[in-house]
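The structure under discussion appears below in the form of structure tokens.
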Amino acid sequence: MTTLLNRTELDKLERRELHLTVLAAGFVLVQAAGLAVLMYPLVFLRPDLENKWTLRVAYFGFCVLTVLFAGYLLERNVQLRQQASVDILQSMPGQDHFWDRLTMEHRRAMTMHKALTLLLVQSKRSSSDKDPKQREAVWGEAAKAMSNKLRPTDSIYNLSPELFAIVLPETDTLNGKRVAVRLQEELQAVRAKHNLSLDISVHNFPEHVQSSHELEDIVKSLLPEKQKWELPVEAQPV
């Protein structure tokens, strides 16, 4: 079984982190608001003070710094979530594992007379691709969203900056298309948030192809030119 992380634990950790960040920002704002209320009479209601303008500048400066600090906490949380998405993407298995898994699952499907479905998720470049780190964060979000809809026996691979492959053992074409629809639904938020275009194609053995070599050719046709012929020797079809 190939998974990114324990998805349940990951979701719990992310929610806990968000809750702690919001709690910290709220605590800072409440404490600062209380202090500002206590300072208000001294700064604005005592005309006899000689340095009243200095106090007022300090008062407003304190309020502005408090708001900026709370904003920093929230922005830092967003940055950490983006980094977590990048880490997820970088921890995913790549081509070497994919070729081995595809060959193994194809042999098993032939031996047991079962179906095997391969989903290929391809993105089209958008403005977010100009920043490699941002692209990795977006792609990581997409990977996590899709992994939430996969079975424990399914596996997902990052084959290139624009291509995911998902191996679905013992899955016919109809069920493969149903999985693709569920993945599209799960990806709606990511697409809307980042203006990302994702196409999912369904390839089934034995309905669409008769050998692992044909499946490999389909995948390689979608890889960048320099990666098309990187199929390891041990993974060559028999």
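The values are calculated or read from the model by the stated rules, or taken from the named source; none is laboratory data. Just so we're clear, the structure is a prediction, and the values are computed from it rather than from any experiment. Neighbour counts are summed over all protein chains in view; Cβ atoms, including those assigned to glycine, are modelled from backbone coordinates with ideal geometry.
Numerical summary
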quantity: Candidate set: region 145-182, residues that are within 13 Å of the chain's Cα centre (by Cα) and in a helix (DSSP H, G or I); chosen: the one nearest to Q122 (Cα to Cα); calculated: M146
quantity: Restricting region 45-71 to residues that are more than 48 Å from the chain's Cα centre (by Cα) and either surrounded by 13 or more Cβ atoms within 10 Å (Cβ to Cβ) or not assigned by TED's automatic domain parsing to the domain that holds V22 (or both), the residue that is nearest to L20 (Cα to Cα); calculated: K52
quantity: Among the residues listed as V43, V64, the single one being of a type in the set (V, I, T), modelled with pLDDT of 80 or more and assigned to a helix (DSSP H, G or I); calculated: V64
quantity: Per-region count, region 183-214, residues over 18 Å from the mean Cα position of the chain (by Cα) and in a strand (DSSP E or B); calculated: 5
quantity: Residue within region 110-121 that is out of contact with any Ser or Thr (no Cβ under 8 Å at 6 or more places or on another chain), exposed (fewer than 14 other Cβ atoms within 10 Å of the Cβ), at pLDDT 90 or above and assigned to a helix (DSSP H, G or I) present; calculated: yes
quantity: Some residue of region 136-148 being over 16 Å from L102 (Cα atoms), of a type outside the set (A, V, I, L, M, F, W, C) and surrounded by fewer than 16 Cβ atoms within 10 Å (Cβ to Cβ); calculated: yes
